[in-house]
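Reading through the structure tokens given below for one structure.
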Amino acid sequence: MELNSVKETGVLIVGAGPCGLALACDLARRGVPALLVEQAPALFPGSRGKGIQPRTREVLDDIGVGDAVREHGGPAPVGMVWQNGERMGEHRMFRVAAPTDAEPYGEPWLMPQWRTQEILLARLRELGGDVVFDTALTGLAQDAEGVTAQLSTGPVRASYLVASDGGRSTVRRALGIAMTGETVDPAPMLVADVRVAEDALDRLNWHMMNTDAGFITLCPLPGTADFQLAAQFKEGEPDTSAEGVRALVAARTHLEAADVTEVRWSSDFRPRAALADRFREGRVFLAGDAAHVHSPAGGQGLNTSVQDAYNLGWKLGQVLNHGASPALLDTYEQERRPVAAEVLGLSTRIHRGEQERGAAAQQLGIGYREGPLSVGSAGVLRAGDRAPDGPTGDRRLFDVYRGPHFTLLAVGTDAELPRFAGSDVRVHRTDAYEAYGKGLFLVRPDGYLGWAGEDPAGLARYLAPLGVALTAG
């Protein structure tokens, strides 16, 4: 794709990490013109964000990559604690629950970040989009009608700009938006993708060693021949060279330096938690790490980032393609910033050993009950709740919801249902189901209940600002 041929677009997305790619996919399936640019020459090469939580698996399934995620990922292996070269016993890293009708994914799924990005890029290309690499943002200005971005390859005019360019976000700094936070742990960390001789270490366990110098873990990455190495440094600075990584393994484990046959990628960082003071400035939005930076403990950062994209994508689509009130875009910050703040606290507590990686880490309980788009209740649910999955005839409710549309779900009721102009809303009836009870439920395109009630009174009034109209008569 030649950037110089693109002078105008609906949405300019800066940064092709998981957040930017997910947003680009969501906009592409809605028919929203979008341009995704990335400063680097290729996708991020490391495994850093390797944990896909159950709620994010639902999101990825809706975007159309569920099969690929199942094929290329796998469950987290059971932890194995070592001491002085001896196995001391198993340690369960995550809560594992049996899948249910309402919650089809019962455990986190491991897949290296680079693979997640490859899968999303392949989906984006299927939908007719792509990434423009080697393209940096050098400046931006906005007015009442749009944003003019200066890129290293020329100017682009967009209705809206979304910054998904990471914790050191160029866009956030250009806007002067501060990040408020704290250092989670003063000890720096090293993370690396390594390969280990087959006879030196098995791939059945997530191997953990605690030493006076700091812990070290080696986690086999499903679908690859790699291990992700993570190590804490109570003193000194990490040496990210291949020789430094090999020496680290030899110093803290029973392995020899030569057992590390390849160091494929390595990086260092200091665990911190920080939240942008605001997620929007005019026609520019912050998403993903540009808006919130997490400790890696608990696997929350990538997941929260993808769900930012999922929340923002349908709102941009309704405003740009369906005439929704621009005020709808205000609800992105109103809904997502409180979630990010809550998840930041969770990941920090997990890092410090103050909370287990339990049900909260799976993000299935996240909702928007107190949000501005949540109206009403019915059955056992309130507007703002996640819409549960479940059987309906010969398919699943998630099959009904899949796609860029709203769904009006009638559960166990004979209430007369309205007819909608266009295909923005699909209507579906199903039998009474304990996860819902009985009633009418409007499922938003991002899988949350926007409106709920016993009859459709008030539904038209709710939908009008969202760019959805009922037929006359």
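Numbers for the structure displayed
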| item | result |
| --- | --- |
| Sequence-distant residues sharing a close amide H with M88 (under 5 Å, placed H) | V81, W82, Q83 |
| Rg over Rh [alpha-carbon atoms, Kirkwood Rh] for the range 407-473 | 0.94 |
| Whole-Hz ³J(HN,Hα) from phi, Karplus 6.51 cos²θ - 1.76 cosθ + 1.60, for the range 407-424, glycine and proline x | 10, 9, 9, 9, 10, x, 9, 9, 3, 5, 9, x, 10, 10, 6, x, 10, 5 |
| Under 12 Å from the Cα of K438 - aspartates and glutamates, other chains or at least 8 residues apart | D414, E454, D455 |
| Summed side-chain charge close to R283 - residues other than R283 whose Cβ falls under 15 Å, Lys, Arg +1, Asp, Glu -1 | -1 |
| Approximate spin-label separation R270-A464, in nm, with each point projected 7 Å along Cα-to-Cβ | 5.4 |
| Heavy-atom SASA rank of H294, H322 (probe 1.4 Å, accessible area, largest first) | H322, H294 |
| Proximal charge balance of Q117 [Cβ under 13 Å; K/R count +1, D/E count -1] | +3 |
| Gain in span if fully extended, R402 to S325, counting 0.36 nm per residue against the direct Cα distance | 25.3 nm |
| Within the accessible area of the chain (1.4 Å probe), percent carbon and sulfur | 47 |
| With 10 Å bins from 0: P(r) over the range 26-133, alpha-carbon pairs, percent | 13, 35, 30, 15, 6, 1 |
| Relative contact order (percent, whole number), the chain, Cα cutoff 8 Å, 6+ residue spacing | 16 |
| Cα Rg, Dmax (largest Cα-Cα span) when computed across the range 317-473, Å | 16.9, 60 |
| For the range 121-171: accessible area per residue (Å², 1.4 Å) | 43 |
| At R0 = 51 Å, FRET efficiency that the Cβ-Cβ distance of A258 and R429 yields, to 0.05 | 0.20 |
| Amide hydrogen neighbours beyond the local backbone of F285, cut-off 5 Å, H modeled | L161, V162, A163 |
| Calculated FRET efficiency for the pair D130/R168, C-beta based, R₀ 22 Å, to 0.05 | 0.35 |
| Summed residue charge, Cβ within 15 Å of D67's Cβ, Lys/Arg positive, Asp/Glu negative | -1 |
| Length released on extending from T153 to A40, taking residue separation times 0.36 nm less the Cα-Cα span | 39.3 nm |
| DSSP-defined beta bridges in the chain - what % are antiparallel, rounded to 5 | 70 |
| Full-stretch length increase - A457, E235 - with 0.36 nm per residue and alpha-carbon distance subtracted | 73.5 nm |
| Anchor K7: aspartates and glutamates whose Cα lies under 18 Å away (excluding residues fewer than 8 positions away in-chain) | E38, D130, D134, D143, E145 |
| Mean residue ellipticity (222 nm) of the chain, computed from DSSP H runs ≥ 4 via -39,500 (n - 2.57), nearest 500 | -7500 deg cm²/dmol |
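The values are calculated or read from the model by the stated rules, or taken from the named source; none is laboratory data. Note that the structure is a prediction, hence the values are computed from the model and not measured. With ideal geometry, Cβ positions are generated from the backbone for all residues, glycine too; neighbour counts draw on all protein chains shown. Please note that ligands, DNA and RNA were not included when accessible areas were found on the heavy atoms of the full protein model with its side chains. Shrake-Rupley method; radii C 1.70, N 1.55, O 1.52, S 1.80 Å.
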